[in-house]
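Written out below as structure tokens is the structure these notes cover.
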Amino acid sequence: MTATMKQTLTAARASGTSAFIPFVMAGDPDMDISEKIIIALQQAGADILELGVPFSDPAADGVTVQRAAERSLSKGTTLQGVMALVKRLRGKGVTMPICLFSYLNPVYQLGYETFIKQALASGAQGALIVDLPPEEAADYCQAARARNFETVFLCSPTTSAERLKKVDAVSSGFVYYVSREGVTGAQNALPRQLQDKLSGLRSSMTNPIAVGFGISTPDQVRQLDGKADGIVVGSALVKLIEENQNDPVDIIARSVKRLKGS
């Protein structure tokens, strides 16, 4: 049975480690290879999967993830197709929690109730709707709570204490801490004070904390291990897929093992 995201992250905190959360774009470079990549991610030790739903105007993403969305859309990937992928993965033994990473437009067009019902039926545990702010999320959160669908919201270095409370209140899976200002993308060094900031968030919030945006090397993962409940690595893996589109599966698996230090 698949654990919830919150259970997985809470267990990581209790053990003094961090859950490893890879991000990949569904349908990049195509659905068949996506499926193989995700199976390989679990086998390599991923604890939770953040699965991107491609969108035509991904404003929060850097060029690497933008190009992945373009490749996926060019193959005809839709939100419904992503949920069908999740269902196939569950049928093939993928048990790690899956968080759909989407922009609001495709979710809103489908309707919150329908999206949540279909996502749960596919085997997803929850979603991060990156451009849905807490202040406008009441209807979505109500629908999610009614079905125990986990919600994830973002905070950043510039989020006020008052807004942090709002983010914590509307999240039910975890809070995603954006490690720096700006869009997604690999970075050479982690921001100063990041560990102190994570420590403060973990002591003040009721939800587990995952950190992402720019974490890309084994050393960065090692520095943050145990300092956050989850560590998200996205652009570095997406770039490997872009560079090895014909056969990215083995290189992605090796990269995850390196990142985890296993």
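What follows draws every value from the coordinates through simple rules; no lab data is involved. Remember, it's a predicted structure, so these values are computed and weren't measured experimentally. So basically every Cβ, Gly included, is an ideal-geometry build from the backbone, and we count neighbours across all protein chains shown.
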Positive dipole terminus of the chain, leading residue within 171, 45, 115 (C-beta point charges) = 45
Summed side-chain charge close to residue 106 - residues other than residue 106 whose Cβ falls under 14 Å, Lys, Arg +1, Asp, Glu -1 = -2
Computed ³J(HN,Hα) along the range 24-32: with the Karplus parameters 6.51/-1.76/1.60, θ = phi - 60°, integer Hz and x for glycine or proline, the list is 9, 8, 4, x, 10, x, 7, 5, 5
Using only the C-alpha atoms of the range 30-103, find the volume of their convex hull and express it per residue in Å³.
-> 90
Interchain or long-range residues, amide H under 5 Å from residue 126's placed H | 98, 100, 150
Which entries in the list 239/260; 6/166; 166/260 go over 26 Å, if you measure between the two C-alpha atoms of each?
-> 166/260
By the scheme Lys and Arg +1, Asp and Glu -1, what is the net charge of all other residues having a beta-carbon under 14 Å from that of residue 222?
-> +2
Take every Cα pair under 8 Å in the chain that's 6+ residues apart, average their separations, divide by the length, and report that relative contact order as a whole percent.
-> 25
Low-density loop trypsin sites (Lys or Arg not before Pro), the range 134-180, at most 13 other Cβ within 10 Å, DSSP non-H/G/I/E/B, are 147
Helix-only [θ] at 222 nm, the chain, -39500 (n - 2.57) per DSSP H run of 4+, per residue, nearest 500, equals -14000 deg cm²/dmol
Could you pull the Rg and Dmax for the chain, using just the Cα atoms, both in Å?
-> 16.6, 48
Hey, can you rank 219-227, 36-44 by average C-beta count inside 10 Å, highest first?
-> 36-44, 219-227
